[in-house]
Amino acid sequence: MISENKYDIINIINEMKECIIMKQVIFKAAKLIGIDIIGITDVLDYSYMTDILIKRAADGLDCEFEERDLIKRLDARNVFQNCKSIIAIGVPYAFGYKKPETDNMGLLSVSSYGEDYHKKLNDLLKELAEEIKKYFDFEYKICVDTSPLIDREICKNAGVGNIGKNTLLINENYGSFINLGYLLTDLKIECDNIIKDEDICSDCNICIKSCPNKAIFKDGGINSRRCVSYLTQTKEYIPLEYRKNMKNQIYGCDICQIVCPKNQLNIEKRSNNDYSGLLVDLEEIFEITNKDFSAKYGMLSGSWRGKNVWKRNALIAVGNLSLYHMFDLVKEELSNDSDMIKIYAAWCLVKLDRKAATKILYNCMKNENDTIKREYLKLMEVL
Ligand code: B12
Ligand code: SF4
Ligand code: SF4
């Protein structure tokens with residue numbers, strides 16, 4: 001007679017076999033559809049990140065693009081109740097990237113090259129799920145960037161890469177120019193949990209030294225609100241002292257990745273990508289209609305904040321590049337409906353020609369509200 005205990009052991013062995021087979025099927029399916037970077041984790045509880053998140057928020061280093069509700073951030077089951085394992089992927093980009101010559105143009109970050117990566121990864125993860133479903137029935141939820149969870153920590157635990165001092169997740173073959181996404185699944189799969197942090201930077205500090213706004217801390221993390229990538233996306237007021245370092249960026253910032261030795265291999269790889277598509281005609285941004293903007297730039301990940309934020313960044317770029325020939329075009333923006341555009345137009349005019357701008361701002365100040373009046377006066381005094 002077989003004892004109950006023996007049945008338990010046989011069941012466990014069968015479950016383990018299934019977990020291992022499942023993993024092999026998933027890795028094969030990924031290969032079939034061209035996913036090179038893949039890993040699996042069953043770490044679902046992220047409450048060990050609580051102190052880091054609370055300290056960041058208390059020190060004012062977080063930003064409005066992160067989920068404020070900590071409970072949602074700290075357990076995958078709060079996003080997908082039946083979650084048992086997570087299949088994480090990385091999709092490399094920026095092959096052969098060389099920053100295009102910008103002259104008098106605006107610049108988009110290389111993460112905004114081509115089709116929006118949110119759509120690309122969503123489609124890829126859906127395809128992967130459908131492929132796996134041919135062998136195992138399961139429920140899943142796709143997450144790319146916009147979930148409350150901490151993508152890099154999940155992907156790190158799955159073995160996709162390690163965290164660098166610039167806070168990016170770095171894959172050993174492809175570097176940090178990888179977009180991340182994952183499937184929260186109700187499958188129990190064999191896992192590659194990599195919980196221990198590995199120091200992959202050693203005594204390198206290049207990104208810390210190169211960051212234009214000194215946003216990266218030596219002992220871990222960044223000040224999001226100083227990061228140029230953040231500044232190009234926020235609708236909050238941008239402090240005067242940060243604007244110069246935004247240079248001509250219209251969306252994002254790549255500096256801490258371009259300088260990173262871990263990315264040199266990827267950057268040096270040959271590709272037919274024409275990165276001049278990342279250049280933005282600044283004059284066009286002042287004249288383009290909302291409809292034409294959506295048609296021309298709507299499919300780029302860098303356009304998600306809309307035309308007005310691009311126009312605000314274009315005003316900062318025109319001021320930083322001293323494009324005096326655009327003075328009259330910028331002046332027209334003082335009668336824009338948006339207060340945000342007005343105050344950056346005023347800043348830009350003062351940068352281009354202080355004396356002429358002072359006269360213009362004094363003249364139009366009487367028709368403005370108190371906030372704008374105060375801002376114009378501050379600009380005339382400070383700049
Ligand atoms: C908010 C946000 C931002 C903010 C803040 C970024 C930040 N570093 O906190 C801003 C707007 C600045 C930003 C910029 C960028 N972002 Co962003 N962003 C996010 C988002 C939505 C949340 C990030 C978050 O939770 N931050 C909180 C901190 C605690 O977590 P973390 O940033 O992941 O940091 C990890 C480690 O660095 C470490 N850590 C962080 N701080 C500290 C502090 C200490 C003391 C210690 C010990 C450890 C530590 O712990 C975390 C877990 O491993 C994620 C998507 C998501 N849902 O996760 C994308 C994401 C992080 N962004 C991404 C990208 C591509 C970018 C940009 C490169 C875009 C660009 N070209 O401009 C820049 C890079 C700037 C940079 N150096 O990080 C990718 C990163 C891909 C990768 N390979 O790492 C993500 C994962 C989106 C995705 N799914 O592809 N981003
Ligand atoms: S993205 Fe740019 S501003 Fe932000 S941390 Fe990296 S180098 Fe600094
Ligand atoms: S530049 Fe150096 S310190 Fe920064 S992430 Fe890369 S290897 Fe690490």
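The figures follow:
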quantity: Among (1) under 18 Å from TYR174 (Cα atoms); (2) within 11 Å of ligand 2 (Cβ to nearest atom), the one test that ASN273 misses; calculated: (2)
quantity: Filter pass, LYS55 being within 13 Å of ligand 1 (Cβ to nearest atom) and surrounded by 12 or more Cβ atoms within 10 Å (Cβ to Cβ); calculated: yes
quantity: LYS218 outside any helix (DSSP H, G or I) and within 16 Å of ligand 3 (Cβ to nearest atom); calculated: yes
quantity: Top-ranked residue in the range 154-197 [being of a type in the set (Lys, Arg) and touching a strand residue (DSSP E or B) at 6+ places or on another chain (Cβ under 8 Å); ranked as farthest from ligand 3 (Cβ to nearest atom)]; calculated: LYS188
quantity: Any pair with Cβ under 7 angstrom, 6 or more apart, that starts in the range 298-315 at a residue that is assigned by TED's automatic domain parsing to the domain that holds PRO239 and surrounded by fewer than 20 Cβ atoms within 10 Å (Cβ to Cβ) and ends at one that is part of a helix (DSSP H, G or I) and aromatic (Phe, Trp, Tyr); calculated: LYS307/PHE293
quantity: Selection status of ILE255, among the β-branched types (Val, Ile, Thr) and within 16 Å of ligand 3 (Cβ to nearest atom); calculated: yes
quantity: Residue satisfying condition, being among the hydrophobic types (A, V, I, L, M, F, W, C), closer than 30 Å to ILE13 by Cβ and either within 11 Å of ligand 1 (Cβ to nearest atom) or touching a residue at least 24 places away in the same chain (Cβ under 8 Å) (or both), within set CYS207, CYS201, CYS191; calculated: CYS191
quantity: Per-region count, the range 252-277, residues more than 11 Å from ligand 1 (Cβ to nearest atom) and part of a helix (DSSP H, G or I); calculated: 9
quantity: Within the range 198-215, tally of residues that are surrounded by fewer than 17 Cβ atoms within 10 Å (Cβ to Cβ) and within 13 Å of ligand 3 (Cβ to nearest atom); calculated: 10
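The values are calculated or read from the model by the stated rules, or taken from the named source; none is laboratory data. Being a predicted model, the structure only gives us computed values, none of them experimental. FYI the Cβ positions are ideal-geometry reconstructions off the backbone, even for glycines, and counts take in every protein chain you see.
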